[in-house]
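For reference, the structure is listed below as structure tokens.
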């Protein structure tokens, strides 16, 4: 017989309560230095117990020893530590080749070797579209004839990025073969932003779709009948494209995500200035010194004198509660900022320790690294490391890089136990393509064979994905471009 009478039970449980102060600390940890500065300014206006500190002592610098160097060197392609992955990296680094494909040609010097202050850089006028294209053309074309044609094409584009002058007219004006003009223009259509130097909207969209590897016959048929799309003639589009209604809807949505006038959004825009949170430099003994950027450290402290005055003058219960609340909020903010600074420095130091080979020898020595590796070493939660590395940058001898850049997935090796960084594999693919000749253009299968010969166990679809991410066209298109006759 079960008794159905009310009763009292005592239970002891533990749970984490997300107080407003804890939410504030988490928000500060994952915010960028600009967002933190804006938040501190608001708190200075809102909380009378806070005051701006004119000379704050930065967090204690961290020195990273060289004990991980040998281990880092062992995880590169090649058995002797000087495999093909890092070949010519030093020369390309010294010439200014950046680590990210989207910023090729940018300086990769350390933060203290540029010779200009951040204020000077920020005060520079925005570069125009033609200046950006001229810089890309200088890097893309080594032949003087091709550079001459590229300069002419840049001079002829309109504000939307269109080139309405036919290739034949440009060839006649320059006294060169029309095929050479076409080849140069085709390569420049892949400049940033993609879709410039096109004669009309159809060609502009086709170039952008080709870069995304989405220019199939059905999509080409849709581009050839844009007037039907303008009239919303669904029945006519289904007929010419040979697809069903669901596929057509997806194709139209993809076209709408493209930029019909790529030159408009670029001309005169200035990229936001990235201010590093951590500064890194090499000491004479070969070790690394990490310190927080004093320009990004919020300078606030609790005004103890004002608090004492307010506490003495508080008469009512409400006044005393207000003073206590503001003092508690001020203390919490100061502690949160200090904890944020120390946590960023600890995580950055562990990243440098694990990726020391990269800083000394380049991207070929970038090791596979995940958030859990750093979290386990520092005794933190994985989510804490994720927040620390979000929107944080470190000024290194190889450029100002986001902390998340150093976390890359691992590609298994064919020799067992060995693994390679996905970022290093992408740069190896770039090196292979750059070394191609017109008679020896590598297909994705050929790249797979070469990588496997170097000890990388990689699938063809992975190579194709990395090639697309690097904005490298297919082997068919590359062979067509390299076969263009020269003067």
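A short reminder: the numbers here are calculations on the coordinates, not readings from a lab. These numbers were taken from a predicted model, which means no experiment stands behind them. No Cβ is skipped: glycine too gets one built from the backbone with ideal geometry, and neighbour counts run over all protein chains shown.
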> Tell me, in nm to one decimal, what length is gained between residue 468 and residue 135 on full extension, where the rule is 0.36 nm per residue of separation less the Cα-Cα distance?
Replying inline: 117.6 nm
> At a Förster distance of 35 Å, what's the computed FRET efficiency of residue 38 paired with residue 254, Cβ-Cβ distance as r, to 0.05?
Replying inline: 0.40
> Counting only Cα, what are the radius of gyration and maximum Cα-Cα distance Dmax of the range 129-266, in Å?
Replying inline: 16.6, 51
> Between the range 458-474 and the range 203-229, what is the C-alpha centre distance in whole Å?
Replying inline: 21
> Equivalent-ellipsoid semi-axes (√(5λ), Cα gyration tensor) for the range 350-420, whole Å, largest first?
Replying inline: 20, 17, 10
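Counting other beta carbons within 10 Å of each residue's own, what order do 427, 307, 365 fall into, fewest first? Numbers along the way, then the final one.
Working: 427 22, 307 17, 365 26.
Final ranking by Cβ density, sparse to dense: 307, 427, 365.
For a Förster distance of 60 Å, can you work out the FRET efficiency between the beta-carbons of residue 477 and residue 335, rounded to the nearest 0.05?
Plugging the Cβ-Cβ distance into 1/(1 + (r/R0)^6) gives 0.55.
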> For labels at residue 247 and residue 147 in the simple 7 Å Cα→Cβ model, what's the distance in nm?
Replying inline: 4.7
>> Can you compute the modelled spin-label distance between residue 14 and residue 281, with each label point 7 Å from Cα toward Cβ, in nm?
In response: 4.5
>> Using 0.36 nm times the number of residues separating residue 443 and residue 218, minus their current alpha carbon distance, what extension gain do you get?
In response: 78.6 nm
> Using the alpha-carbon centroid of each, what span in Å lies between the range 288-336 and the range 129-189?
Replying inline: 61
>> Between residue 238 and residue 289, what's the calculated FRET efficiency when r is the beta-carbon distance and R0 is 56 Å? Round to 0.05.
In response: 0.30
> What is the gain in length, in nm to one decimal, between residue 382 and residue 164 on full extension, counting 0.36 nm per residue of separation less the C-alpha to C-alpha distance?
Replying inline: 73.1 nm
>> Could you check the spin-label model distance between residue 26 and residue 306? Points 7 Å from the Cα along Cα→Cβ, value in nm.
In response: 3.0
> When the distances between all Cα atoms of the range 410-482 are binned every 10 Å from zero, what whole-number percent does each bin get?
Replying inline: 20, 55, 21, 4, 0
